[in-house]
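Engineer: Okay, handing you the structure first.
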Amino acid sequence: MSVHLGLARESLEVVRLYVRLLKDLHQINVKQLAAITVHIENISKQLTGWQKSVRQKENN
């Protein structure tokens, strides 16, 4: 399961880069960037928590 979570985190980083690219190409504005970034950060925190939980279970 931790492999899947790692892949999800990597994919999320790709999404983060694409969102920055959208901003740089003026396809989204700063307000939209901020809103999307909040969601990305929330997902990232959740994935990190799940990954820590899985590691703890694997170590016990």
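Engineer: Show me, for region 47-60, the HN-Hα J-couplings you get by feeding each phi into the Karplus relation (A = 6.51, B = -1.76, C = 1.60, θ = phi - 60°), rounded to Hz, glycine and proline as x.
Structural biologist: 4, 4, x, 4, 5, 4, 5, 5, 4, 4, 5, 5, 7, 9
Engineer: Tell me the relative contact order for the chain as a rounded percent, counting alpha carbon contacts under 8 Å between residues six or more apart. Let's see the in-between values first.
Structural biologist: Numbers: 22 pairs, mean separation 30.7, N = 60.
Once normalised by length, the contact order is 51 percent.
Engineer: So what are the radius of gyration and Dmax for the Cα set of the chain, in Å?
Structural biologist: Rg and Dmax of the chain, Cα atoms, are 14.4, 49 Å.
Engineer: Return the single residue from K31, K23, K45 with maximal mean-square fluctuation; model: Gaussian network over the chain, springs between Cα atoms under 10 Å.
Structural biologist: Of K31, K23, K45, the Gaussian network model singles out K31 as fluctuating most.
Engineer: Once label points are set 7 Å from the Cα along Cα→Cβ at both N42 and K57, what is their separation, rounded to one decimal in nm?
Structural biologist: Spacing of the two 7 Å Cα→Cβ label points: 2.4 nm.
Engineer: Using the alpha-carbon atoms, what tilt in degrees (0 to 90, nearest 10) does helix 2-24 show relative to the longest principal axis of the chain?
Structural biologist: 10 degrees
All of the numbers you see were taken from the coordinates with simple rules; none came from a lab. Since the structure is predicted, the reported quantities are computational estimates derived from the model, not experimental observations. Positions of Cβ are backbone-derived with ideal geometry, glycine not excepted, and every protein chain shown enters the neighbour counts.
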